[in-house]
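Working notes, beginning with the structure itself.
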Amino acid sequence: MNEKLFCLEKLCSDVISLCKDTGQWILREMEEIDQKDVKSKGLHDFVTHVDKSAEKQLTKGLHKLLPFDVGFLAEENTVNREDKKYTWIVDPLDGTTNFIHGVPCFSISIALCEEGKTLLGIVYEINRDEMFYSWGNGKAYLNGREINVSQSNTLNDSLLATGFPYFDYSRLEKYMEVFMYCLRNSRGVRRFGSAAVDLAYVACGRFDGFFEYSLKPWDVAAGAFIVQQAGGMVADFSGSNDYIFGKEIVATNNLIYNEFIDVIKNVFD
Ligand code: IPD
Ligand code: CA
Ligand code: CA
């Protein structure tokens with residue numbers, strides 16, 4: 001296939017099929033997983049053979065879909081990381097801690113970027129069989145239905161999500177300051193354990209806003225794109241665009257963005 005000739009809509013639908021197959025395989029594997037299968041990559045950072053095999057299945061499938069020189073940025077390093085014009089950014093299992101404890105919230109997250117611009121994004125929440133996706137300059141979808149961010153226009157009317165720091169405590173105090181502000185000034189704060197799902201939930205309006213630090217590109221690339229395509233806002237903690245590689249992200253609907261980013265900026269600046 002010539003690199004100029006692929007159709008994003010068709011590619012998105014093929015990646016969806018791939019995610020479904022691998023997702024159902026992951027679900028079957030959950031029945032078998034045992035604590036002895038759990039390996040530590042760092043402080044409170046775990047991996048299993050399921051993460052690695054899922055990544056191999058996905059990257060093999062993605063390579064077949066775009067069989068020219070495309071780079072991969074995949075969490076478990078089962079493929080060479082190389083800078084190319086096009087790059088697949090892959091988290092084969094976002095929410096590994098949930099997975100190894102049998103907590104039913106984890107996902108597959110895949111984005112395709114062209115020189116830093118995201119072309120498509122897919123987040124598949126496996127347990128609920130919910131496929132969130134978007135491509136090109138189009139709309140965002142959940143299982144074939146168009147989705148949009150919520151209409152809440154104050155933090156006080158918002159349900160927020162976050163990820164608690166679990167290995168990088170360097171900004172814990174500032175994080176707690178924002179967290180406490182949110183507890184006092186919102187409908188509540190949820191911690192689901194899959195950043196990709198948190199972002200997908202902002203995109204479809206279940207959550208009004210999300211923030212977390214120390215995330216990696218594969219946690220956020222697909223979800224952030226889907227939020228934007230669904231009409232939302234995504235930024236780093238200073239309100240700039242370095243949220244994929246910058247290890248800090250805030251995502252909201254378009255109405256509470258200014259209020260929320262001001263709270264975060266005031267604390268983290
Ligand atoms: C993790 C999840 C979690 C977030 C962590 C991530 P993993 O990804 O997204 O919600 O709080 O920071 O590392 O390790 O399960 O792929
Ligand atoms: Ca992840
Ligand atoms: Ca992962």
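The values are calculated or read from the model by the stated rules, or taken from the named source; none is laboratory data. As the structure is a computational prediction, the values presented were derived from the model and not from experiment. For neighbour counting, all protein chains shown are included, and Cβ atoms are generated from backbone atoms with ideal geometry for every residue, glycine included. Accessible surface areas use protein heavy atoms only, side chains included; no ligands, DNA or RNA. Shrake-Rupley method; radii C 1.70, N 1.55, O 1.52, S 1.80 Å.
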- [ ] Of the conditions (1) out of contact with any helix residue (DSSP H, G or I) (no Cβ under 7 Å at 6 or more places or on another chain); (2) of a type in the set (A, V, I, L, M, F, W, C); (3) farther than 23 Å from PRO104 by Cα, TRP218 clears all except one; give me its number.
- [x] (3)
Task: Given (1) assigned to a strand (DSSP E or B); (2) more than 16 Å from ligand 2 (Cβ to nearest atom); (3) within 26 Å of ASP208 (Cα to Cα), index of the condition VAL149 fails - done: (1)
Open item on the list: Tell me whether the stretch 76-83 contains one or more residues that are within 14 Å of ligand 3 (Cβ to nearest atom), without any contact (Cβ under 8 Å) to a residue 12 or more places away in the chain, in a loop (DSSP other than H, G, I, E, B) and within 19 Å of the chain's Cα centre (by Cα).
Closed with: yes
Open item on the list: Quick check on the stretch 16-49: of everything there that is acidic (Asp, Glu) and closer than 23 Å to LYS60 by Cα, which residue is most open to solvent (accessible area, probe 1.4 Å)?
Closed with: ASP21
TODO: Could you please find all residues in the stretch 178-220 being farther than 24 Å from ASP269 by Cα, open to solvent by less than 10 Å² (accessible area, probe 1.4 Å) and within 16 Å of ligand 3 (Cβ to nearest atom)?
DONE: SER194, ALA196, VAL197, ASP198, ALA200
Task: Residue among THR59, THR87, THR118, THR97 that is touching a residue at least 12 places away in the same chain (Cβ under 8 Å), over 18 Å from LYS10 (Cα atoms) and β-branched (Val, Ile, Thr) - done: THR97
- [ ] From the list VAL123, VAL103, pick out the single residue that is within 16 Å of ligand 3 (Cβ to nearest atom), assigned by TED's automatic domain parsing to the domain that holds CYS19 and open to solvent by less than 10 Å² (accessible area, probe 1.4 Å).
- [x] VAL123
Task: All positions within the stretch 228-269 that are of a type in the set (Asp, Glu) and at pLDDT 95 or above - done: ASP236, ASP242, GLU248, GLU259, ASP262
TODO: Filter the stretch 226-240 down to residues that are of a type outside the set (A, V, I, L, M) and away from ligand 1 (no atom under 16 Å from the Cβ) and give me whichever is farthest from PHE260 (Cα to Cα).
DONE: GLN229
